[in-house]
Amino acid sequence: MSIPHNGTALLLSAKLAGGVRVLASAMRRRGWRVVLLSEVADDPNAEACDDHVMVDWDGGDEAVADALDHAGIRADAVVNMVESLVVRRASLIAQLGLADPTAGVAALTDKAEVRRAADAAGVFPIRWTAGTVREIAANPPTEYPVVVKPAVVSGASRDVHLASSMVELASVATGLGQRGEEPFILEEFLDGEEFSVDGYVVDGRFHPAFVADKPDHDSVRLHDRGLRVSPPVRVPADAVNRFVHGLQALVDQLGLDRTWLHAEGRVGPDGRIGLIEVNPRPGGGLYPAAIRHRSGVDPIEVSLDLALGNRLPPSAAGHDDLLAIVPVEAGSVGVVRCRTTADELRAIDGVMDAYVIDGYQVSSVDKENFFAAVMVTGRDEQELRQRAANALAALDFTVTGADG
């Protein structure tokens, strides 16, 4: 069974996430009729699509299929870039009797399954265990520091915590007590330089397209901050090559195919390579713009081609200049109000691109809350930092109480 070149495609979204506007625009240019599936009745992204069907993502697959039937929707394809809906996409495709060019992607939504596959492939060796928060607290490790993170649905570093002692682990477990019987993993924290690799898998081979290191990464809160620099200025090329080799072994072990991968790793002082996580989507924020500039590969278009079973077109020429993505995070709960626009940031010397989300709502500081970012270029790291500082100094915003 094959997917037609155009027809009706379901575009999945949860909590307004999923890159709806960008994806819908790209799909409509290809001649597809786009139907948004989301749980929000007055979804503001619906205007970018041809139709909108409200669904209950907490309900079963049959309830979603019934909602489509009630709306008279007959789908030819399903597109999704929301981690929490990866499994739902696969089951929906099966229930609707559609072709699915991708393979093995559902395994990436379970970090414990990824760890088991890495162990079986003999790559990224670290100490780890899995269980509920209660089970982890009852059987604490003897070596620290360790990281506690949800095994599933943990985007934006939500509820990811570093513990440097048994006392800190007990405190983390107490704070996560409300997570009940949800699966968590506890893993060794590999100190060192953090970096990311973006690329795509086609015919079972991983093709790296973009690498960036994170010299300012917050290793206490485990949040991104400061510069994400490409090409890397702190991580050796050999470490990146070994990481990519390990990713290929993981791709082989899991049988992954026709998916984009955004992977994050660390290289320790002793040269050991660790995998933090791997996601079946491009990096967020300004990553797509940076990837297009660096490699000539458009990650949104490639992701659609992979999901729709299309042949990948030739890539455009890329650029080898030094660049950095610099995210801006809200540090308190409330609503972000920005008086500076993205166009005003782009007008600053050295700024290649920018985004600003006015009205971004912060519900918890136990996750990354990036409401703005700039992408700058420069001759060296010092110039990158100066241009980033100039742009961020011009960003005028406040965070007010949710009811303020």
Filter result (in contact (Cβ under 8 Å) with a residue 24 or more places away in the chain and small (G, A, S)) within the range 223-257: G226, S230, A239, G246, A249, G255
Checklist (1) surrounded by 18 or more Cβ atoms within 10 Å (Cβ to Cβ); (2) of a type in the set (A, V, I, L, M, F, W, C); (3) closer than 20 Å to W260 by Cα; (4) in contact with a Leu (Cβ under 8 Å, 6 or more places away or on another chain) applied to A130, failing item: (3)
Criterion violated by A394 - all others in (1) among the small types (G, A, S); (2) open to solvent by 20 Å² or more (accessible area, probe 1.4 Å); (3) out of contact with any helix residue (DSSP H, G or I) (no Cβ under 8 Å at 6 or more places or on another chain) satisfied: (3)
The range 356-391, subset farther than 26 Å from S230 by Cβ and hydroxyl-bearing (S, T, Y), residue most open to solvent (accessible area, probe 1.4 Å): S363
Residue that is farthest from the chain's Cα centre (by Cα), among those in the range 11-53 that are open to solvent by 50 Å² or more (accessible area, probe 1.4 Å) and of a type in the set (A, V, I, L, M, F, W, C): A41
Filter result (in a loop (DSSP other than H, G, I, E, B) and either over 12 Å from V147 (Cα atoms) or touching a helix residue (DSSP H, G or I) at 6+ places or on another chain (Cβ under 7 Å) (or both)) within the range 160-176: L176
Only one of A106, A121 that is among the small types (G, A, S), under 20 Å from D305 (Cα atoms), open to solvent by 30 Å² or more (accessible area, probe 1.4 Å) and within 25 Å of the chain's Cα centre (by Cα): A106
Residue selected from the range 146-159 under the condition modelled with pLDDT of 90 or more and either among the hydroxyl-bearing types (S, T, Y) or farther than 23 Å from R88 by Cα (or both), by the criterion surrounded by the most Cβ atoms within 10 Å (Cβ to Cβ): V146
Matching residues in the range 134-159 - criterion: being without any contact (Cβ under 8 Å) to a residue 60 or more places away in the chain, out of contact with any Ser or Thr (no Cβ under 9 Å at 6 or more places or on another chain) and part of a helix (DSSP H, G or I): R134, A138
Condition check for F210: within 18 Å of the chain's Cα centre (by Cα) and farther than 24 Å from M375 by Cα: no
Hey, E182 of a type outside the set (V, I, T), within 19 Å of K367 (Cβ to Cβ) and open to solvent by 60 Å² or more (accessible area, probe 1.4 Å) or not: yes
Filter result for R127 (at negative phi, free of Cβ contacts under 8 Å to residues at least 60 places away in the same chain and charged (D, E, K, R)): no
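The values are calculated or read from the model by the stated rules, or taken from the named source; none is laboratory data. Everything numeric in this text was worked out from a predicted model, so none of it was measured. Cβ sites come from the backbone with ideal geometry, for glycine too, and all protein chains shown count toward neighbours. Ligands, DNA and RNA are excluded from the accessible area calculation, which covers all protein heavy atoms including side chains. Shrake-Rupley method; radii C 1.70, N 1.55, O 1.52, S 1.80 Å.
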